[in-house]
Each structure stands twice: as structure tokens, then as C-alpha cells.
1. Using the Cβ atoms and a cut-off under 13 Å, what net charge is assigned to the surroundings of Leu183, where Lys and Arg are +1 and Asp and Glu are -1?
2. Please work out the Cα convex hull volume for the stretch 94-139 and give it in Å³ per residue.
3. Using the C-alpha gyration tensor of the chain, what are the square roots of 5 times its eigenvalues, in whole angstrom, with the largest one first?
4. Output the peptides 216-223, 46-53 sorted from most to least packed, where packing is the average of other Cβ atoms within 10 Å over each peptide's residues.
5. Farthest toward the dipole's positive end in the stretch 24-170, which of Gly129, Ile144, Gly104, given Cβ charges of +1 (Lys, Arg) and -1 (Asp, Glu) about the Cα centre?
6. What FRET efficiency comes out for the pair Asp475/Phe45, r = Cβ-Cβ distance, R0 = 22 Å, nearest 0.05?
7. Heavy-atom accessible area per residue, the stretch 231-294, 1.4 Å probe: how many Å²?
8. For q = 0.20, 0.21 Å⁻¹, what log10 I(q)/I(0) does the stretch 322-448 give under the Debye formula with an equal point scatterer on each alpha carbon and no solvent?
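The values are calculated or read from the model by the stated rules, or taken from the named source; none is laboratory data. Model, not experiment: these values are computed from the prediction. A quick note on method: Cβ atoms are made from the backbone with ideal geometry, for glycine too, and the neighbour counts reach across all protein chains shown. Accessible surface areas use protein heavy atoms only, side chains included; no ligands, DNA or RNA. Shrake-Rupley method; radii C 1.70, N 1.55, O 1.52, S 1.80 Å.
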Amino acid sequence: MTSPLISQASNFPGDRPGSRGRLANAAFWLFLCAGILLRLRQYLFNRALWIDEAMLSLHLIHGSLRDLFRPLIDPLQIAPPAFLVATAALARALPGPIEMRLRGFPFLCGMACFLVFAAFCRRRLEKSGAAVAVGFFALSAPFIYYTTEVKQYASDALAALVLLVLALPCLTQGLTTRRALGLAVAGSLAIWFSHPAIFVLAGIACAVGYQLVIAGRKGDLVRGVAVAVCWGISFVAFYLVAIRPNSGIQSVQEFHRDAFLPIPPRNLGQLRTCVQALFGMFIYPGGFSAPVLAFLLTCWGLGWSERFSRAEKVLLLLPLFFCGLASMAQRYPFTGRLLLFFAPILLIFVAEGAACCAQLLAKRRLAWLPALLLLFQPAGNALERLVHPEEVEEIRPVLAYLSDHALSGDTLFIHHEARWNFAFYHPTYPLSEEVTIRQAEWTDKNTDYIARLAELVGHSRVWLLFAHTPPSDQDQVLIFARVLGTEKEHLEAKGASVWLFDFNRRKAEQ
């Protein structure tokens with residue numbers, strides 16, 4: 001039995017044979033190749049690890065397999081244990097630079113997500129809509145970036161997309177034994193690879209469960225209960241192993257305290273926060289520079305698209321609903337990269353809205369203007385990144401310079417934000433054993449740094465190392481350093497810098 005939604009004849013102009021269909025088909029393959037090229041370019045560029053990646057990578061490199069199931073070095077870093085195991089295993093098995101090896105698993109997940117998304121759009125959307133959707137995904141700066149970061153966000157998106165693709169046929173074709181087995185295995189594994197997978201599974205359970213009850217087929221209901229039991233067992237085990245003993249969750253909640261949804265809003269300020277969160281989702285991780293237009297097209301796609309039934313639309317939207325509930329309960333921040341798991345679904349409905357708009361204006365030259373407007377800036381950014389891939393904190397040239405120029409008897413003062421990058425790269429760029437290293441402890445007051453810096457008065461060669469430091473904080477420390485002594489040399493790179501000062505006591509007293 002096949003779904004009538006897939007087998008029915010299409011009324012979209014992009015599906016008709018002729019120049020429009022050929023143009024849409026060419027655009028689809030062009031965007032597909034562009035997406036692969038952009039991701040490969042960013043991955044092969046092999047930028048330096050930034051602070052979050054360094055924190056996670058230190059745990060991956062120096063920890064045993066058992067350690068990967070324990071809280072990470074820094075309480076603000078939380079990652080699913082199966083993701084950590086897969087990343088560490090691939091990093092230890094692959095050849096090449098350590099950064100590329102650590103990014104191997106996220107890169108594979110990001111590429112797989114893009115290809116699964118393209119295949120799904122090719123099968124379910126009309127040709128023009130599929131080309132636009134793949135174009136959005138291919139040129140999306142957040143997706144390109146997180147495909148090449150040592151973090152779990154690409155695997156979050158892949159897990160969510162695969163689960164939804166597996167669940168959609170169950171709404172129209174029933175829950176066969178084969179589909180039940182696939183959902184049981186995929187869902188049980190996804191819990192260990194992706195935190196937001198629980199929102200996807202909750203949405204699938206509600207949407208598919210409702211359909212099974214309405215259909216009243218006992219065999220399907222029994223299989224559905226069995227799938228839910230498998231998910232429940234996996235989640236309980238995951239909670240006991242990875243969530244319950246993790247004291248860092250409270251730290252993460254405190255760090256993201258402004259990213260929880262205040263629903264229902266009790267004043268205008270909270271209402272504004274909710275509206276900003278809604279439209280902010282289209283900016284990041286959606287990747288659109290015109291969030292209002294993207295929102296309107298999404299509403300249009302949800303209301304008028306004939307490619308998905310009402311039940312399918314509900315299923316695709318339910319993960320975001322449960323994510324919102326978790327945010328209201330102060331359990332999951334509703335912001336930025338933490339919503340990347342839902343971004344593929346968002347892009348599909350924006351593209352569907354653009355396709356509906358084009359269908360309405362089929363005889364006009366500006367039929368695809370909204371889609372072109374949304375693609376314009378991502379295309380420009382993609383071209384720029386193709387020439388100059390994204391950098392975050394290029395501490396390697398800074399540490400190489402320090403390693404070459406530091407002398408015996410020098411003192412190195414490391415700003416607390418730079419300590420993780422330094423710890424990761426220090427073995428690659430070693431310093432003389434006679435260089436004194438002082439690492440500043442974390443503090444939210446620059447006056448504390450200044451007081452510790454004053455303790456170095458009398459030292460003729462003091463290096464100050466910064467990375468991931470807010471410019472205003474770095475400037476305040478440097479201003480005081482110039483009061484204490486004389487700047488002799490420095491090197492600055494993207495997101496990192498090192499400065500050499502002479503803190504001779506006599507000059508400081510003058």
C-alpha cells in the first residue's frame with residue numbers, strides 16, 4: 001500500500017515536463033554539489049579549536065572509555081555519551097591532524113544529514129520546492145559551521161531528521177513489523193547520541209500513537225506499545241548513567257537562564273522575549289537574514305502545502321512544541337545552536353511556502369522572488385566562506401610565536417579564558433621548562449586580574465596570553481599592563497593574541 005500523498009499527480013508547475021522542470025532539476029543538483037563543496041572546504045581548512053571544542057577535546061583525548069560516560073572537565077560542557085564515544089573512537093582511528101580527526105564524526109553526521117535531507121525533499125516535494133529547500137540547507141552558515149565543529153549539534157539534526165523520516169510513513173501506511181523494528185532501534189540509539197532526540201520521540205509517540213488508536217488495528221497498537229517500551233527503557237538507562245550524576249546540568253541552566261521561554265508571558269517584556277525567540281529561530285539556526293519573510297512563508301507552507309497531510313504537519317511540528325515545554329520548565333534553552341535539530345523541518349516549510357507563493361503567481365516573472373530574497377545573503381556568505389573559511393580562535397600562530405620567542409626566565413600570564421586552548425595546544429607548541437606559567441583563575445572582575453598582574457612588577461619579560469577574551473576585558477588588562485611597564489612586542493590573530501611587557505620595577509615606579 002502506498003501513500004496517496006506521494007502517488008497522486010502533482011499540480012505544481014515545477015513537476016511538469018519542460019524548461020521549468022529541467023531548470024528546477026538543475027538547480028537541485030547545483031545546490032547539492034555546492035553544499036558538499038562548502039562543507040568539505042570548511043573541514044579541510046582545519047581551523048584551530050576554540051574554547052568549547054578544546055574543553056571537549058581534552059576530555060576525549062585524555063579520558064578512557066569509562067570517563068566518557070562521566071561529567072566532562074568543565075561543568076558547562078554537556079554532550080551525549082554515545083556521541084563522545086564515537087567521536088573519540090574515530091579520532092583515534094583516523095590519520096591526519098588532530099583537529100580534523102576530532103571533527104571526523106561531526107563531519108560525517110553533518111554530511112549525512114544534508115544528504116538525507118536532499119533525498120527526503122527530492123521524494124516528498126515538487127521539483128522547484130525541493131531545489132529551494134536544498135538551496136537553503138546547502139548555503140546555511142550554521143549547518144556548514146556545525147558540520148565542522150567538535151560538538152554534537154550536527155548529530156542532533158541527523159538524529160531528528162532520520163527519526164521523522166522513519167515515522168512519517170507510519171501515519172499513512174501503518175506500523176508494520178519492519179517499521180516498528182526500525183523505530184525501536186533508531187529511537188533507542190538516538191537517545192544516547194542526541195539530547196533533543198527525546199523531543200522528537202515524544203512527538204512521534206503522540207502523533208503516531210493517536211493514528212494507531214484511531215485506526216484501531218490491534219497488531220499495530222501492540223507493536224507501537226513495544227516500540228514505546230524500548231524507548232522508555234533506553235531513556236531510563238540514559239538518565240541513570242548520563243543525566244542524574246551530572247552536576248553540570250545546573251551550571252548550564254544558570255548559564256542559559258535568559259534563554260528559557262517565559263510562557264505564558266506576564267508582561268510586555270516577557271512577550272517581547274517570546275517574539276524575539278520565535279523570529280530569532282529563523283535567523284539562527286535558520287540562517288535567514290529576513291526572519292519576518294521566512295516566518296510568513298512558513299505559515300503559508302503550513303497552511304496551504306498539499307505535500308504533507310495535516311497529521312504529517314503535526315508530527316513534524318511536535319518536536320518544537322515539546323522543546324518549548326521543556327524550555328518553559330527551565331530544562332532546555334530555546335536558543336541558537338540548541339535548536340539546530342529542528343532547523344531542517346523549518347527549512348522545508350519555508351521552501352513549501354515559497355513553492356505555494358510561486359504556484360499562486362505562476363504566470364508572473366516574480367513568482368520566486370521571496371525564495372530568491374532569502375537565498376541572496378546566504379549565497380553571498382557562502383561565496384565568501386569558500387574563499388575565506390570561517391575562523392573562530394586561531395591560537396596556533398600565537399602559540400607558535402610564543403614558543404619561538406620566549407626565553408628562559410620569562411613569565412607567561414594566561415588569561416582564564418585562554419587556559420583551555422593553551423592546555424590543548426601546549427604539547428604541540430612547548431615552552432622552555434624555565435618559563436614560569438601563571439594561569440589566572442576565573443573571575444568576573446577585571447580588578448582581580450589587575451591585582452594579580454601587579455604581583456609581576458619587577459619581571460623584565462612578562463607574556464600575556466589571551467583567547468576567547470572579550471575585547472573590552474582584554475583592553476582593560478592591557479591598559480593597566482602599559483601603566484606597569486613597557487610593551488615590547490605582540491602578535492594578534494583571529495580571537496587570540498600574545499603580548500610581551502617589561503615590568504621592571506624602576507620603570508613601574510616612574
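1. Its environment carries a net charge of +2.
2. 69
3. Square roots of five times the eigenvalues give 47, 26, 21 Å.
4. Highest mean packing first, the order is 46-53, 216-223.
5. Among Gly129, Ile144, Gly104, the one farthest towards the positive end of the dipole of the stretch 24-170 is Gly129.
6. Values: r = 29 Å, r/R0 = 1.33.
Computed FRET efficiency for Asp475 and Phe45 comes out at 0.15.
7. On the way: 3810 Å² over 64 residues.
Per residue, the stretch 231-294 has 60 Å² of solvent-accessible surface.
8. Summing over Cα pairs of the stretch 322-448 leads to -1.14, -1.17.
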